[in-house]
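The values are calculated or read from the model by the stated rules, or taken from the named source; none is laboratory data. Since we're looking at a predicted model, the values are computed, not measured. Please note: Cβ atoms are built from the backbone with ideal geometry, for glycine as well, and neighbour counts cover all protein chains shown. Heads up: the accessible areas ignore ligands, DNA and RNA and are worked out on the full protein's heavy atoms, side chains in. Shrake-Rupley method; radii C 1.70, N 1.55, O 1.52, S 1.80 Å.
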Amino acid sequence: MTTIEDGLSPAAVHTRPGPAFVPASGDRRRHPAPAHLRFFHGPMDCGKSTLALQVDHNQSRQGRHGLLVTQGDRSAAPQISSRVGLSREAIEIDDGTDLRLLVRERWAEGHRVDYLIVDEAQFLTAGQVDQLAELVDESHVDVYAFGLTTDFRTSLFPGTRRLLEVADDIQRVQVEVLCWCGLPGLLNARVVDGTMVRSGETVVVADTGPADLPGTEDHPSPAVRYQVLCRRHYVRGELGPTAAGPGQLAFP
Ligand SMILES: [Zn+2]
């Protein structure tokens with residue numbers, strides 16, 4: 001059998017990188033295996049959370065330990081949940097959370113964190129995205145971030161913008177959601193009291209169905225919901241023949 005080492009002295013062979021120099025697992029700091037910052041983005045309801053949970057499942061089956069974080073979960077027990085009925089406990093973060101500290105605290109408690117799953121990544125600050133990049137580069141933690149592409153004004157969310165700038169790998173999630181006309185849904189429309197709006201706060205958390213915002217006695221809360229539209233119907237502001245939900249009056 002001939003190998004490329006033939007003709008080299010044993011000493012020369014040992015100065016060459018090769019299988020004998022592959023680091024043992026668990027020694028990633030001295031011999032860093034490349035970690036990656038991966039970003040998956042798309043419109044609402046495109047299956048991002050389902051994909052996040054699938055990635056977590058695949059990773060944990062390989063014996064790896066993950067930390068799941070999310071934002072905007074208003075429940076007492078934060079979780080990443082998908083419309084197909086899967087869910088997993090997650091840590092609720094806000095824009096003041098240092099994600100490097102979050103991981104280091106888990107390590108200090110003796111937990112392994114091999115990878116991080118970040119749902120609702122559009123809400124991250126640019127600084128938090130840079131923290132994720134640091135975790136990847138300096139601590140070799142794999143990061144999988146999932147988020148919306150654009151807000152209801154068709155502008156990139158801040159977290160999304162920074163992830164598009166610095167992520168190693170960017171994937172547009174295969175669109176499962178369709179506009180009412182049947183074309184792939186691309187943009188998120190904000191609908192207030194049955195009418196599409198194009199200005200206002202970037203973030204108003206609402207369900208994709210009718211939802212109530214906190215209101216006052218003088219100003220009862222408007223029903224805010226989001227609807228995914230194709231670009232043409234977003235531009236026209238056309239919500240489709242079934243846009244008026246139950247309890248809403250049709251115009252005569
Ligand atoms: Zn359409």
message: If I ask for residues that are part of a loop (DSSP other than H, G, I, E, B) and either open to solvent by 70 Å² or more (accessible area, probe 1.4 Å) or hydrophobic (A, V, I, L, M, F, W, C) (or both), which ones from region 39-88 would you list?
response: MET44, CYS46, GLN62, HIS65, ARG74, ALA76, ALA77, ARG83, VAL84, LEU86
message: I'm checking my understanding of the structure. Among residues of region 89-110 that are assigned to a loop (DSSP other than H, G, I, E, B) and open to solvent by less than 70 Å² (accessible area, probe 1.4 Å), which one is farthest from GLN71 (Cα to Cα)?
response: GLY110
query: If you go through region 124-144 one residue at a time, how many are farther than 17 Å from ARG112 by Cβ, in contact (Cβ under 8 Å) with a residue 40 or more places away in the chain and surrounded by fewer than 23 Cβ atoms within 10 Å (Cβ to Cβ)?
result: 2
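Identify, please: which residue in region 145-192 is part of a helix (DSSP H, G or I) and of a type in the set (Val, Ile, Thr) and is, among those, surrounded by the most Cβ atoms within 10 Å (Cβ to Cβ)? First the steps, then the outcome.
Keep residues of region 145-192 that are part of a helix (DSSP H, G or I), which gives 158-166.
Those left that are additionally of a type in the set (Val, Ile, Thr): 160, 166.
Numbers: THR160: 23, VAL166: 16.
Residue satisfying both the conditions and the ranking: THR160.
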